[in-house]
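These notes concern the structure reproduced below.
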Amino acid sequence: MYSFRLARRSDLAAIVRLLADDDLGGTREIVSDPVDARYLSAFAAIDADANQLLAVASDASDRVVGCLQLSFVPGLSRTGMWRGQIESVRVAGHLRGSGLGSDFIEWAVAQCAARGCGLVQLTTDKTRKDSIRFYEKLGFVASHEGMKRAL
């Protein structure tokens, strides 16, 4: 059985390991002991912002086996509609395909609904074909073309 909860500072090392545990994450995350100070600073900013929610999935022993971040975004378009933005979704490799990821995303969508969001959006790298199929199975539609610019 798995549960979903707000992340604690003590979860950071496990979260960073999850973020680094794939081809893309392995090239951009830093797994270290102690946890890199930039992750600590980011966690503090997320934790202090009422429109941010960093969540983990944990097993019966409270081991972190998944993570995601929700941003609640106010907007003027669509008559002032709020949006939920899901980012940094990861599930431990040995649990992929178990249904945990689907349950975690549905939990996140419910959090957005509870906050009054009118839609939930996310992005996934175009090279992550399995992720794209996963999100499509959950009802997400590739309705827009996402663009990024590195700074």
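The values are calculated or read from the model by the stated rules, or taken from the named source; none is laboratory data. Because the structure is predicted, anything quoted here is derived from the model rather than measured. Ideal geometry is used to build each Cβ from the backbone, glycine not excepted, and the neighbour counts take in all protein chains shown. To get the accessible areas, we keep the full protein, side chains included, count just its heavy atoms, and leave off ligands, DNA and RNA. Shrake-Rupley method; radii C 1.70, N 1.55, O 1.52, S 1.80 Å.
Within the range 82-123, being out of contact with any strand residue (DSSP E or B) (no Cβ under 7 Å at 6 or more places or on another chain), in contact (Cβ under 8 Å) with a residue 12 or more places away in the chain and of a type in the set (Ser, Thr, Tyr) holds for Ser102, Thr123.
Identification of helices (runs of 4 or more DSSP H) wholly contained in the range 52-151 with 1 or more residues that are under 18 Å from the mean Cα position of the chain (by Cα) and surrounded by 12 or more Cβ atoms within 10 Å (Cβ to Cβ) yields 100-114, 129-137. For the range 40-77, the set of residues classified as among the polar types (S, T, N, Q) and within 12 Å of Ile15 (Cα to Cα) consists of Ser58, Gln69, listed by residue number. Per the listing Asp11, Asp33, the residue uniquely of a type in the set (D, E, K, R) and part of a loop (DSSP other than H, G, I, E, B) is Asp33. Within the range 9-33, the residues that satisfy the criterion of being open to solvent by 80 Å² or more (accessible area, probe 1.4 Å), touching a residue at least 12 places away in the same chain (Cβ under 8 Å) and in contact with a helix residue (DSSP H, G or I) (Cβ under 9 Å, 6 or more places away or on another chain) are Arg9, Val31, Asp33. As an exercise: evaluate Leu40 against (1) surrounded by fewer than 16 Cβ atoms within 10 Å (Cβ to Cβ); (2) assigned to a helix (DSSP H, G or I); (3) without any contact (Cβ under 8 Å) to a residue 24 or more places away in the chain; (4) not charged (D, E, K, R) and give the number of the one condition it does not meet. (3) is the only condition that Leu40 fails.
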